[in-house]
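Novice: One structure is given below, represented as structure tokens, and several questions about it will come after.
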Amino acid sequence: MTFRKLKPSEIDLRIGTVTGKGVSFLLYKNARVDMQILDETVGAENWQRDHFECKGNLFCRVGIKCGDSWVYKADCGVESQTEKEKGESSDSFKRACVCWGIGRELYTAPFIWIQLPKDFYEDDSSPKPKLTKKAQNILNKFRVSEISYNEAGEINNLVIVDKDGTVVWQ
């Protein structure tokens, strides 16, 4: 079973590391993207998910109907910082979908580093500098505007823009 690669509009950005010189960004997908791709590829009636606990970890298994049988792939999730249980459930589902190949190309993303001006920090000399609220609001509006993949399915072109469409990383 082969799933299509993610479109730019299906990829979100999250701030990874913050230093006094800039920030790194990570690419990710949300669970609704996985559901949409499963629905369009195998049909809403031909996939299912269920959650179970094993040794204190929440797992999700995603089953896809293959002929007359169901084939399952599973993975565990981690709690989110905002909604603990919901985040763990969503994370396990997204990871199980990666086991099927949905969004696996995100693991080939290049290192995304963007230098920031000094006024983006509350105190850029601190060992753990904090971004101002204004900076966080600006950075949270960055988005992927273009992405392409090589024959091996790896990301070979990525463009990130700000809210005005200005390229901030390529």
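Novice: Inverting the mean 1/r over all pairs of different Cα atoms, compute the Kirkwood radius of the range 102-149 and quote it in Å. Please list the in-between numbers first.
Specialist: Details: mean 1/r = 0.0757 Å⁻¹.
In the range 102-149 this quantity evaluates to 13.2 Å.
Novice: Report the charge-dipole magnitude of the chain in Debye, nearest 20, computed about the Cα centre from +1 at each Lys and Arg Cβ and -1 at each Asp and Glu Cβ. Before the final figure, lay out each step's value.
Specialist: Details: 25 positive and 25 negative charges, 60 e Å.
Roughly 280 debye for the chain.
Novice: Net charge within 9 Å of Asp12 by Cβ-Cβ distance, Lys/Arg positive one each and Asp/Glu negative one each, not counting Asp12 itself?
Specialist: Summing Lys and Arg as +1 and Asp and Glu as -1 gives +2.
Novice: Now for a different question. Could you work out Rg/(2.2 N^0.38 Å) for the range 30-102, with Rg from alpha carbons only?
Specialist: Compared with the compact-globule rule of thumb, the range 30-102 sits at 1.08.
Novice: Tally Lys and Arg at +1 and Asp and Glu at -1 over the other residues with C-beta under 15 Å from the C-beta of Lys55: what net charge comes out?
Specialist: Once positives and negatives cancel, what remains is -3.
Novice: Let me ask you something else. Sort 110-119, 8-17 for me by packing, meaning the mean count of neighbouring Cβ atoms within 10 Å per residue, highest on top.
Specialist: 8-17, 110-119
Novice: For helix 84-100, what angle does its Cα long axis make with the longest principal axis of the chain, in degrees from 0 to 90 and rounded to 10?
Specialist: That works out to roughly 70 degrees.
Novice: Please compute the alpha carbon radius of gyration of the chain, then divide it by the globular-protein estimate 2.2 N^0.38 Å. Two decimals is fine.
Specialist: Output field value: 1.19.
Novice: Order 30-42, 152-164 from most to least packed using the mean count of other Cβ atoms within 10 Å.
Specialist: Those peptides, ordered most packed to least, come out 30-42, 152-164.
Novice: Still on this structure, I have one more. If you put +1 on each Lys and Arg Cβ and -1 on each Asp and Glu Cβ, how big is the dipole of the range 30-102 around its Cα centre, in Debye rounded to 20?
Specialist: That gives a dipole near 160 debye.
Quick note: the coordinates plus some simple rules give every number you see, no bench work behind them. What you see is a predicted model, and the numbers here were worked out from it, not measured in a lab. We place every Cβ from the backbone using ideal geometry, glycine too, and count neighbours over all the protein chains shown.
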